[in-house]
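Worksheet: the structure to be examined is printed underneath.
The values are calculated or read from the model by the stated rules, or taken from the named source; none is laboratory data. Every value quoted in this text rests on a predicted model; they were computed, and no experiment measured them. Ligands, DNA and RNA are excluded from the accessible area calculation, which covers all protein heavy atoms including side chains. Shrake-Rupley method; radii C 1.70, N 1.55, O 1.52, S 1.80 Å.
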Amino acid sequence: MPLTALIIDDEPLARQELQYLLDAAGDVSVVAQGTNGIEAVELIRTHKPDVIFLDVRMPGLDGFAVLKKVLAQDRKMKLPQVVFATAFDQYAVKAFEVNAVDYLLKPFDSKRVQRTLEKVRERVSSATELVAESPGSVNGSAEDEPLTASRVAGAEAKLDALLKMVEERTAGGAAGGMGRSGKVVVRAQSRLLLVDQKDLCFVLIEEGRISVVM
């Protein structure tokens with residue numbers, strides 16, 4: 001069976017690019033796309049996918065808050081595998097890697113997406129084998145309840161720690177005069193480039209064509 005996946009990102013070009021790469025990879029069925037954290041929570045509960053490709057910074061709820069809200073609404077729900085899509089530098093990315101299957105840096109790379117899908121399949125396969133070998137989980141034994149609660153609490157603690165780290169890092173940049181650096185997706189011929197707002201000189205619109213000068 002192909003992997004079922006959700007793509008959650010507030011940037012249309014990023015969603016399109018990732019959809020194209022997942023389609024090209026094969027054995028992946030993108031069941032839905034979301035544009036913000038609120039939609040993500042509902043889509044996860046509705047579709048229960050194998051994996052979600054989750055943007056970190058989005059309007060409303062960011063990627064971390066999405067996972068916390070899903071856990072808070074239903075502690076018995078099995079979370080899908082999570083792949084963060086991020087434009088953060090290596091310092092933050094290494095922290096994500098501890099708690100997620102993988103991360104993808106924007107703009108996406110096809111070989112990197114393939115390696116990520118291999119990791120997802122390994123995790124999904126391992127989880128399926130564990131369920132098959134554990135009759136208590138199938139029968140709903142009360143002995144499994146403390147273990148489930150413990151895992152949920154651990155996941156929430158990790159999410160809180162990651163969120164705090166990102167907030168502190170952002171605040172530290174602002175205190176140092178750097179401010180918050182936004183990202184802009186720019187199409188250059190057939191390529192998608194992710195650039196810092198602070199690197200932009202100006203943007204010009206002529207006859208419906210947008211030119212970005214950096």
Here the gain from full extension of Ser211 to Gln189, 0.36 nm per residue of separation minus their alpha-carbon distance, amounts to 6.7 nm
Calc'd 3J(HN,Hα), segment 189-206, phi into Karplus 6.51 cos²θ - 1.76 cosθ + 1.60 (θ = phi - 60°), Hz, glycine/Pro = x, comes to 6, 9, 9, 9, 10, 9, 10, 7, 4, 5, 8, 7, 7, 6, 10, 10, 10, 9
With the 1.4 Å probe rolled over protein heavy atoms, segment 1-96 has an accessible area per residue in Å² of 45
Reduced to Cα centres, the span from segment 29-72 to segment 1-18 in Å works out to 11
Long-range amide H partners of Met58, meaning residues 5 or more apart or on another chain whose placed amide H is closer than 5 Å, are Gly63
On the accessible surface of segment 1-52, probed at 1.4 Å with all protein chains in place, carbon and sulfur together account for a percent value of 51
Of the listed links Lys111/Lys198; Lys48/Lys69; Lys48/Lys76; Lys68/Lys119, those spanning more than 21 angstrom between alpha carbons are Lys111/Lys198; Lys68/Lys119
The set of residues whose placed amide H lies less than 5 Å from the amide H of Gly34, leaving out same-chain residues fewer than 5 positions away, is Ile7, Ile8, Asp9
